[in-house]
Amino acid sequence: MTRRVLGLFAVAALVLAAVIGARASRFSGREVQPAPAEALAIDSAGAIERLALAIQVPTVSVEDSTRGDSVPLAELHRLLDQVFPRVHAALGREVVNGSLLYTWRGTDSTLPALLLASHLDVVPADSAKWSHPPFSGAVADGYIWGRGALDDKVGVLGTLEAVEALLREGLRPGRTVYLAFGGDEELGGRHGAAQIAARLGQRGVRLEAVIDEGGAVLEGIVPGVSVPVATVGVAEKGSVSLALEAQVAGGHSSMPPSRTAIGLVSRAITRLEHDQFPGSLRASRGLFEAVGPEMSWPYRVLFANLWLFEPLVVRRLTAVPSTAATVRTTIAPTIIEGGKKDNVLPGSARAVVNLRILPAETVESTVDRVRRVVNDPGVTISVIGESHDPSPVSPANAASFLALATAIRQIHPDAVVAPYLVLGATDARHYASLTPNVYRFLPVHLASSDLARIHGIDERVAIGDYLNAVRVYAQIIRWLSH
């Protein structure tokens, strides 16, 4: 009997191995194979100069600002008006709290419109540490340097360059094309993108798709993949910040009680870090299914057989901070306060924990789980600041996604186009009520060394990448506006 059972196990193991191997060998890509892109006449020297000029305008978002408009934003508006004459002659323009909304009327008003989004504002910069001053717009060593070169004046100027060139060619879009450039994206977009979306909604505007910043053409960043990966964000994580506070009787440090305010808050944080949110591939499965066929053999076997190996894959991904963020809600203690003197027990202590929420969870469910894990009546937990649920997940099989993938591969034919989860927040989420097809992609190359430049030191874009970004935007308009 034992021999028969062992024999059955052996047969089952052989069958399982055969299935795993067969699935891995048949694991192939599903990339679109478009014809080469139509030529686009770009004034390369002028395009470089215009982006440099835009970077020189310090449109820095200020945290305590109550509106998105400012003198620098108005200065940037005037600059764009001057350097893109065809755009401003042919398109309608509205200023919305410092943000810009352009309308390029299509020939068929029955078609839902296309909206291309970027933002005008930037984060502050410590100029002392830069190779070139952050608002110099320096052109050196094959790059355009400065705050906004990646986030996100490259998107604003790249889009306008594409429209200017297409107008010069005489293009008339079939569907209406909106260009929405937020003035306060770095502050959450409440006065910019949110108000533009509300205005379009009040007008009954229907959108076919929204294309905003988010992913990029990544080189050497996705493990086990040697080819470039064009990551198109189909969703973004939600966010909530929680204050954990403890109140106790203070006193002298020579006679400490068993439960101090700082101890209570510290224990709450320890519990949260020990009992992390569970991991799941639900928001990242599309990425691995797209890039899996390009992976080396061990990875290829795993991702071709997620029906079997998903728990193992999740365990491996959660072991590394950069990939853990793609598969679970993250917990990040960012502020801790309590105590003023080394021999005085404080009567209160407070910590702030920021959580980035995975799709399918909500702010409410996240806060509920935090309360259960902390499980301490001595610690109060409250939501502070602004919070938002994760965005809906846009379909990666929609016609607009396929058109976007076609436009990308016409300019980057060696890239694998893959849906992915955006870890931060963008203006794109404000447009989700107008269309289910909200995609996040900035058409520039990023290597691992470039990631720290976004909101960091020495932000820059390669000149060739910027000109290719203009070409991608032109192809997006050509494919999605008809």
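Worth pointing out:
- Of all lysines in the structure, those lying under 28 Å Cα to Cα from Lys129, and not within fewer than 8 positions of it along the same chain, are Lys153.
- For the stretch 130-236: accessible area per residue (Å², 1.4 Å): 28 Å²
- Remark: the stretch 424-479 carries a charge dipole of roughly 220 debye about the Cα centre, counting +1 on each Lys and Arg Cβ and -1 on each Asp and Glu Cβ.
- Radius 15 Å from Cβ of Asp43, net charge of other residues (Lys, Arg +1; Asp, Glu -1): 0
- Counted over all Cα-Cα pairs of the stretch 55-181, pairs farther apart than 18 Å make up 57 percent.
- The calculated P(r) of the stretch 386-452, using every Cα pair and 5 Å bins from 0, goes 3, 13, 23, 23, 19, 13, 5, 1, 0 in percent.
- The residue list Gly183, Val154, Gly142 was ranked by how far each Cα lies along the charge dipole of the stretch 142-183 toward its positive end, using unit charges on Cβ atoms, and Gly183 comes out on top.
- Carbon + sulfur, % of accessible area of the chain - ligands and nucleic acids excluded, 1.4 Å: 55 percent
- Extent along the principal axes, Cα only, for the stretch 343-465: 65, 36, 22 Å, with the longest axis given first.
- Accessible-area value, Trp104, 1.4 Å probe, nucleic acids and ligands omitted, Å²: 10 Å²
- Along the stretch 94-105 the Karplus relation, 6.51 cos²θ - 1.76 cosθ + 1.60 evaluated at θ = phi - 60°, assigns HN-Hα couplings of 10, 9, 10, 6, x, 8, 10, 10, 9, 10, 10, 5 Hz to successive residues, with x for each Gly and Pro.
- In the complete set of protein chains, residue-level accessible area for Tyr178 is approximately 20 Å², probe 1.4 angstrom.
- Its residue count N sets the reference 2.2 N^0.38 Å, and the alpha-carbon radius of gyration of the stretch 279-391 equals 1.44 times that reference.
- Area accessible to solvent at Asp151, 1.4 Å probe radius, in Å²: 20 Å²
- Cα gyration tensor shape for the chain, rounded if a/c is under 1.5, else prolate or oblate: oblate
- Ranking Asn375, Gln410, Pro395 by Cα position along the charge dipole of the stretch 353-417, where only Lys, Arg, Asp and Glu carry charges on their C-beta atoms, puts Gln410 farthest toward the positive end.
- Rounded Å value of the spacing that divides the Cα centres of the stretch 67-128 and the stretch 200-278: 31 Å
- Stokes-Einstein translational diffusion, the stretch 172-279 - Kirkwood Rh over all Cα pairs, 0.890 mPa s, 25 °C, in µm²/s: 122 µm²/s
- Given charges at beta-carbon only (K, R positive; D, E negative), |dipole| of the chain in Debye: 1620 debye
- Toward the positive end of the charge dipole of the stretch 234-287, with +1 on the Cβ of Lys and Arg and -1 on the Cβ of Asp and Glu, the farthest Cα among Ala283, Pro256, Val240 is that of Ala283.
The values are calculated or read from the model by the stated rules, or taken from the named source; none is laboratory data. Small disclaimer: the values here were computed from a predicted structure and weren't measured. Methodologically, a virtual Cβ is constructed for each residue, glycine included, from the backbone with ideal geometry; neighbour enumeration extends over all protein chains shown. Note: accessible area is taken over every heavy atom of the protein model, side chains too, but ligands, DNA and RNA are not part of it. Shrake-Rupley method; radii C 1.70, N 1.55, O 1.52, S 1.80 Å.
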